[in-house]
Amino acid sequence: MASRPYWKGHIRLSLVSFPVELHTATNTGGRIHFHQIHRDTGKRIKLQKTVPEVGVVENDDIVKGYEVEKGSYITLEQDEIDELKVETKHTIDLNRFVDVHAIDPLYYDKPYYVLPEEGVAQEAFLVVRQALREAKKIALGQVVLSGREHLVAIQPCGKGMLLETLRTKDELKKGSALFADIEEGTIDDDQLGLARELIDRKAGRFDPGNFVDHYEAMLRELIEAKAEHREVRTEEAEEQGAEVIDLMDALKRSVGGGDDDAAPRKKTSGTKSRAKAKSSASKRKPAAKSDGKSKAAGTKRKSA
């Protein structure tokens, strides 16, 4: 099934303007979604909109309201909002260009794919896309989406382009206030070296396919087990690091082979995962008793 455009309009660079479509770049259809169900009857609960002393109201009788003081509202009809003549409803004006790493990741919000409309629009689209790629720049503009104006960043993405809405400065909390109580102590060079060795060992290319939503997988297993009327075996997860007292000892054990997974775990069934976890735990116990054995194990893994 072809994707339906989320938004249609124009991108404008100075006197150059061309029509484009925005398509959502995220997909949550495969995730588990729950409904609220009445326990006794098994029927789905319906949430109704009500007004005190009036009762249930229809959607046609609902308008938007802005509270000016407690209990007092300025109401707006949807037609009044739709009639606002804001240029960014239909046009993304590219008026600033920044380096590709100039935007703090904290500001990125939601991604959309940008496609050209067929015809003469493709020529201008391709020229702007290639110019951004060669300049290694991100274009900034503004557009109205979902009833509010967003600052957006546009950059090349394969054959198309990627538009990402950005959070505003006011939407972000300042981390400095939260970090104020963190004391900067002296860092031990040996500990730092071991930590860096662990990081280097697990360094690699980012591939989101290597990461699995374990909570989602266990939820799905629970649902399937209940649907098949079979018992669900659950085990309490170990709290990793809860008993760590000596940082240097923990780092040595990790580098020596106590934690040697070079890549994230692949998806396995619940039973296999638990069996694998038990096996790994039994293998890790001897490593904690002797540094010599753990180092030897680490050497064998490297040569393999």
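Just so you know, all these numbers are worked out from the coordinates, no wet-lab data involved. As the structure is a computational prediction, the values presented were derived from the model and not from experiment. Cβ coordinates were reconstructed from backbone atoms using ideal geometry, including for glycine residues, and neighbour counts include every protein chain displayed.
In vacuo Debye scattering of the range 1-68, one point per C-alpha: log10 I(q)/I(0) at q = 0.12, 0.15 Å⁻¹? Per q value, in the given order, log10 I(q)/I(0) is -0.79, -0.95. Annotation note: GluC sites (Glu not before Pro) in the range 150-231 located in DSSP loop regions with a Cβ neighbour count of at most 13 within 10 Å are GLU183, GLU184, GLU228, GLU231.
Taking the range 10-133 on its own, what percent of its Cα-Cα pair distances exceed 20 Å? Tail fraction, whole percent: 71.
Ratio of Rg to Rh for the range 94-137: 1.03 [Cα atoms; Kirkwood radius as inverse mean 1/r over pairs]. Taking the Cα centre of the range 74-219 as origin and assigning +1 to Lys and Arg Cβ atoms and -1 to Asp and Glu Cβ atoms, the resulting dipole is close to 560 debye.
For GLU149, no residue has an amide H sitting under 5 Å from its own, ignoring neighbours fewer than 5 places away on the same chain, with H placed 1.01 Å from N. Among the GluC sites (Glu not before Pro) in the range 22-75, those located in a DSSP loop and surrounded by at most 16 other Cβ atoms within 10 Å of their own Cβ are GLU53, GLU58. Under the combined filter of DSSP loop state and at most 15 neighbouring Cβ atoms within 10 Å, the range 137-225 retains these trypsin sites (Lys or Arg not before Pro): LYS159, ARG167, LYS173, LYS174, LYS202, ARG205. A viscosity of 1.002 mPa s and a temperature of 20 °C, combined with the Kirkwood radius over Cα pairs in Stokes-Einstein, give a translational diffusion coefficient for the range 71-176 of 136 µm²/s.
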